[in-house]
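**Student:** This is the structure I want to talk about, given as C-alpha cells.
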Amino acid sequence: MYIESPRYTERFGSVRINDVQKVVALDSGLKSEIPPYGAMGVIKISEETIKSFEDKMAIVIPNKNEKLKLFEGVVSGVPHDCLVIVVSNSQREDIDRFRMEKDTLNQMCRYTYRQAFIIHQKDTLVAEAMKHAGYSKLLDENGLIRDGKAEGMVIGLLMAKLAEKEYVGFVDADNYSPGAILEYVRNYAAGFSMANSPYAMVRILWHYKPKFSGGLYFKKWGRVSETTNRCFNSLVSFRTSFETNIIKTGNAGEHAMSLKLAELLPYASGYAVEPQELISIFEQFGGTLPSSHIDVMKHGVELFQIETRNPHLHEEKGLDHLQEMLLGGLSTVYHSPLCDNETKQLILSQLTSQKALKSKQKPPKPYLNPPPCEIDIQKFVKFIEPHVKNYSALQE
Ligand code: GDP
Ligand code: CO
C-alpha cells in the first residue's frame, strides 16, 4: 500500500503522537519502485511487510448479539495469516446465538483452513483461570466475568498472549463492510512496520462515516468524536504549553497495539475503554507523573493515527448510545490526574450542553480493570492451555 509518511510528530514526554497519515492507495503492486523513504512524502509498504506483521497479529472480535451476517462478513475480511479470536457475550438461552456464531466460525475455518478461537464471556473455565491468575477485579459477584466490551477485550488479549502473538488488533462485529475490515488490519500492519519502538499503538480514523437520511451523506466528523478530541487536545495543550489539535482518534474503536504495550494499560468498562487507553499512556509515559516502566521510557511509546480509504458502515444504535459514548470518553479525561481545571470546565460544559449530564452533575469515575501486567499471565496460560481445544474453531 502507499501511505503518507509521518510528516508531523508531537511529543508528550516519551510518547510520540504522529499526526494523521492518509492511505494514499490500497495497493502498491509488486514491481513499482519508489525510493524507500521520503519520495513525495509517501511510503510504500510492501505486501511482504504487511504479511509478516499479520502473521504476528491476533485480531480480537468482541461480539454481543450482532447480526450473524455481519459477524460472518467481519470474519471473512480478516487477513488469513492473523489469528482470529472471537469473544462473544451473546445470548445462549432460548435461541442460542453463541452456538450459531460458533457454527458459522467453524464452517469458515474449515473451508479456508485457518485457525481461530471462540470464547463465551461467561465461560466458567475462563473465569476460573482469571481468578487463579489474580484477576478478580474482572469478575462479578457470581464469579463470572462481568459484561462489557472492555472485559471481552481483556479475555482476547490474554488469549493472544497464550497464542504467543506480538500484536493484537480489535475490530467490531457490527461492521457492514468486509473490505473495510481487511483495510483496518492492513493499516494496523502498516503502522507497526513504521514503528521504531516495541511499544506501539495504531488508531484508525475513518475516511467517512455515511449517514442515511433520505439520501446518503458522507459525514466526516461526528459530534461525539469532535468533542472528545477537543477535550483530549485541551489536556495535551495545557500540559505541553503549546496549543495543539494532534489527537484525532480519541474514540477510535478500531485500534491495535503491540502486546508489550497492551499489557501495561488498564481497560475501562463501558465506552471509556479506548479513550482511557490513550489517557493511561499519557499518565504513565507522558513524563508529568512518575513512571515505573524504565524500559518504556527509554524506547518511548509511538502512536499512529491512520486514515482509511474505506468508509465506516456499522450498526447505528441511537442517541442514547451516542450520549453514553460521549460521557464514557470524557469521564476518562475528567478524572485523570493530568486534567487541568480549564479542561475540566470544558468537559462539564460540553456534557451538559449535549445533555449527557444534568447541570451540577459530575461525570462518574470510570471502572478500571487493572493492566494485565499486574496479574500472573503465565498462571492464566497454564490453566487454559490443556483446554485450548475447546475454544478452537478448527476442530477435527
Ligand atoms: P460502538 O460501535 O463503539 O458504538 O459500540 P457497539 O455497541 O457497536 O460495540 C462495539 C462492539 O463490542 C460490537 O461488536 C459489540 O457487539 C461488542 N460488544 C458490546 N458489548 C459487549 C460485551 O459485553 N461483550 C463482548 N464480548 N462484546 C461486546
Ligand atoms: Co458499533
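**Student:** How many residues does segment 103-124 contain that are part of a helix (DSSP H, G or I) and open to solvent by less than 40 Å² (accessible area, probe 1.4 Å)?
**Tutor:** Adding up the residues that qualify gives 5.
**Student:** Is there any pair linking a residue in segment 86-107 that is without any contact (Cβ under 8 Å) to a residue 24 or more places away in the chain to one that is open to solvent by 70 Å² or more (accessible area, probe 1.4 Å), with Cβ under 8 Å and at least six apart or on different chains, and which?
**Tutor:** These pairs meet every condition: Phe98/Arg92; Arg99/Arg92.
**Student:** Give the residues of segment 57-97 that are among the basic types (Lys, Arg) and either away from ligand 1 (no atom under 12 Å from the Cβ) or surrounded by 22 or more Cβ atoms within 10 Å (Cβ to Cβ) (or both), sorted by residue number.
**Tutor:** Selection gives Lys69, Arg92.
**Student:** Suppose we filter Glu342, Glu274, Glu385, Glu315 for residues that are out of contact with any Leu (no Cβ under 9 Å at 6 or more places or on another chain) and surrounded by fewer than 21 Cβ atoms within 10 Å (Cβ to Cβ); which single one remains?
**Tutor:** Of Glu342, Glu274, Glu385, Glu315, the one residue that is out of contact with any Leu (no Cβ under 9 Å at 6 or more places or on another chain) and surrounded by fewer than 21 Cβ atoms within 10 Å (Cβ to Cβ) is Glu342.
**Student:** Just to check your reading of the model, which residue among Gly143, Gly152 is modelled with pLDDT of 95 or more and within 22 Å of the chain's Cα centre (by Cα)? Explain how you work it out, then say what you get.
**Tutor:** Values: Gly143 fails: within 22 Å of the chain's Cα centre (by Cα).
Going through Gly143, Gly152 in turn, the sole match is Gly152.
**Student:** Moving to a separate point now. When you go through Leu368, Leu330 one by one, which is the residue that is within 16 Å of ligand 1 (Cβ to nearest atom), surrounded by 17 or more Cβ atoms within 10 Å (Cβ to Cβ) and modelled with pLDDT of 95 or more? Can you show your working first?
**Tutor:** Numbers: Leu368 fails: within 16 Å of ligand 1 (Cβ to nearest atom).
Answer to the selection: Leu330.
**Student:** Right, something else. Would you point out which residue out of Leu157, Leu182 is open to solvent by less than 40 Å² (accessible area, probe 1.4 Å) and either in a helix (DSSP H, G or I) or touching a residue at least 12 places away in the same chain (Cβ under 8 Å) (or both)? Steps first, answer last, please.
**Tutor:** On the way: Leu182 fails: open to solvent by less than 40 Å² (accessible area, probe 1.4 Å).
Among Leu157, Leu182, only Leu157 is open to solvent by less than 40 Å² (accessible area, probe 1.4 Å) and either in a helix (DSSP H, G or I) or touching a residue at least 12 places away in the same chain (Cβ under 8 Å) (or both).
**Student:** Looking at Leu368, Leu351, Leu313 in this structure, which one is within 16 Å of ligand 2 (Cβ to nearest atom) and closer than 28 Å to Gly152 by Cβ?
**Tutor:** Every option except Leu313 fails the conditions.
**Student:** Can you tell me which of Glu141, Glu128, Glu164 is at positive phi, out of contact with any strand residue (DSSP E or B) (no Cβ under 6 Å at 6 or more places or on another chain) and either open to solvent by less than 30 Å² (accessible area, probe 1.4 Å) or away from ligand 1 (no atom under 16 Å from the Cβ) (or both)?
**Tutor:** On the way: Glu141 fails: at positive phi; Glu128 fails: at positive phi.
Criteria check complete, one pass: Glu164.
**Student:** Give the number of residues within segment 335-365 that are part of a helix (DSSP H, G or I), free of Cβ contacts under 8 Å to residues at least 60 places away in the same chain and of a type outside the set (A, V, I, L, M).
**Tutor:** Of the residues in that region, 6 qualify.
The values are calculated or read from the model by the stated rules, or taken from the named source; none is laboratory data. These figures come from a predicted structure and were not determined experimentally. Neighbour counts are summed over all protein chains in view; Cβ atoms, including those assigned to glycine, are modelled from backbone coordinates with ideal geometry. What goes into the accessible areas is simple: the full protein's heavy atoms, side chains included, and nothing from ligands, DNA or RNA. Shrake-Rupley method; radii C 1.70, N 1.55, O 1.52, S 1.80 Å.
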